[in-house]
Amino acid sequence: MSSDRIETKHTDCKDSLKARRFYKDQLPEVIQAVAESCLTHPEIVHLDMEAIPSKESVISIIDDLIDIMYPGFFGNQRINRNQLRYHVGDELSRVFDALAEEIKKAMMHECVAQDKECINCADAAQRETMCFLRKIPNVREMLAGDVRATYDHDPAAKSTHEIVFCYPGIKAITIYRLAHELYLQNVPLIPRIMTEYAHAETGVDIHPGANIGKNFFIDHGTGIVIGETTQIGDDVCIYHGVTLGALKFDRDADDQLIRGVKRHPTVGDKVVIYSGSTLLGSDTIVGERSVVGGNSWLIESIPAGTKVIYECPQLKFKKCSECALADKCDRPE
């Protein structure tokens, strides 16, 4: 390398260091501005409070719970009958410790947020964790029905094992059913973290407060939204893009949202809701054995055995010469 090029490179390095120092000297001003903005908007900071649950830890707990729900499917390991008790014991012990810690954080955060004295959150967290773990056999029974229902309704499924391995609907239902049990125990934060993780992973948004019966089948899944106070019976099939939502939000005399009241539809047993349909409102009750056709908009109740069919707009076909983009179209007449 010539001496001129060496000198040029040396000069460039000095200029770069000088520029870096120039901008770094401005950082204290930026730091002060950011700190002041944090104090100005307390709703989006978490200061002077107990540690909140770790999203990463909750996701790790979900992975362990899924392995307990479906032993031998995940984790790249072979498990035989003789190893099952040891495997389940190892997983449950790890889940107990991790979940109790995250529930404790959630409870302590709730106490501080409500100006309550936190005196037994650690003990309560362990009690709620054990209560939850005792429910696992019943949750597995429900999931076995969901998997069988999926196989019975989907001719594309080659086996129940394929469904457990591959179907996003089953993953969403699995996480929902686990989160729902914690929701029923009034565990704060954790259930919502779980179902929002499932939402991000699968495109299926089921609030942990929704009440869903046995043998639930989700086909494809993407874009499904099931609100907090939705009630769904047994043997229900829902296709992608379906919304079970609220029609309106009531407010009190101070114009504040009224929470904790039913806002979402009720769906009876053996109902099928096809893709793109929207069902809204607490007064909307879909009678058992009804079929709601694709792209339907339903804000009223329908009796049992009803078929709701959306009349499609009439298709019109025009030649390119009649089209607004005729001058840009390469298709022949």
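Mean residue ellipticity at 222 nm, helices only, the chain: -15500 deg cm²/dmol; runs of at least 4 DSSP H residues each add -39,500 (n - 2.57), and the sum is divided by the number of residues. The trypsin sites (Lys or Arg not before Pro) of region 48-154 that meet both conditions, a loop assignment by DSSP and at most 12 other Cβ atoms within 10 Å of the site Cβ, are Arg78, Lys116. Near Ala35: Cβ cut-off under 15 Å, other residues only, Lys/Arg at +1 and Asp/Glu at -1. The net charge is -3.
Sites listed here are GluC sites (Glu not before Pro) in region 61-139 whose DSSP assignment is loop and whose Cβ has at most 10 other Cβ atoms within 10 Å: Glu117.
Note on Met49/Phe73: beta-carbon distance plugged into 1/(1 + (r/R0)^6) with R0 of 30 Å gives a FRET efficiency of 0.15. Across Arg20, Arg259, Arg289, mean-square fluctuation computed from a Gaussian network of the chain (C-alpha pairs under 10 Å connected) peaks at Arg20. With loop membership from DSSP and a limit of 16 other Cβ atoms within 10 Å, the longest segment of the chain without chymotrypsin sites (Phe, Trp or Tyr not before Pro) is 75-248. Remark: Thr40, Thr243, Thr222 ranked as Thr40, Thr222, Thr243, counting other beta-carbon atoms within 10 Å and listing the fewest first. Charged neighbours of Gly75, selected by a Cβ distance under 13 Å, balance to -3 (K, R count +1; D, E count -1).
Beyond 24 Å, what share of the Cα-Cα pairs of region 210-333 is found? Please give it as a whole percent.
40 percent
Place a point 7 Å from the Cα of Ile309 along the Cα-to-Cβ direction; which residues of region 240-278 have their backbone N under 17 Å from it? Those under the cut-off are 272-275. The Cα atoms of the chain define a convex hull whose projected area, averaged across directions, is 33.0 nm². Other residues within the sphere of radius under 13 Å centred on the Cβ of Glu128, judged by their own Cβ, net out at 0 (K and R +1, D and E -1). For the residue pairs Lys104/Lys248; Lys104/Lys135; Lys105/Lys135; Lys135/Lys214; Lys158/Lys214; Lys214/Lys307, the C-alpha atoms sit more than 24 angstrom apart in Lys104/Lys248.
Counting 0.36 nm for each residue step from Leu92 to Ala122 and taking away their Cα separation leaves a gain of 8.9 nm. What are the DSSP H helices in the chain that stretch 15 Å or more along their long axis, judged by alpha-carbon atoms, and whose average Kyte-Doolittle hydropathy comes to at least 0.0? Answer set is 27-40, 55-69, 168-184. By the rule of a C-alpha distance below 17 Å, with chain neighbours fewer than 8 residues away ignored, the aspartates and glutamates paired with Lys262 are Glu228, Asp250, Asp252, Asp283, Glu300. Counted residue by residue at 0.36 nm each, then reduced by the alpha carbon distance between them, the extension gain from Thr222 to His153 reaches 23.1 nm. DSSP bridge analysis restricted to region 201-306 gives an antiparallel fraction near 5%, rounded to the nearest 5.
Antiparallel as a % of all DSSP beta bridges within the chain, to the nearest 5?
Counting DSSP beta bridges with both partners in the chain, the antiparallel share is about 5 percent.
Bear in mind these aren't lab numbers, they're just calculated from the coordinates by the rules spelled out. The shown structure was predicted, so the numbers you read here are calculated from the model rather than taken from an experiment. FYI the Cβ positions are ideal-geometry reconstructions off the backbone, even for glycines, and counts take in every protein chain you see.
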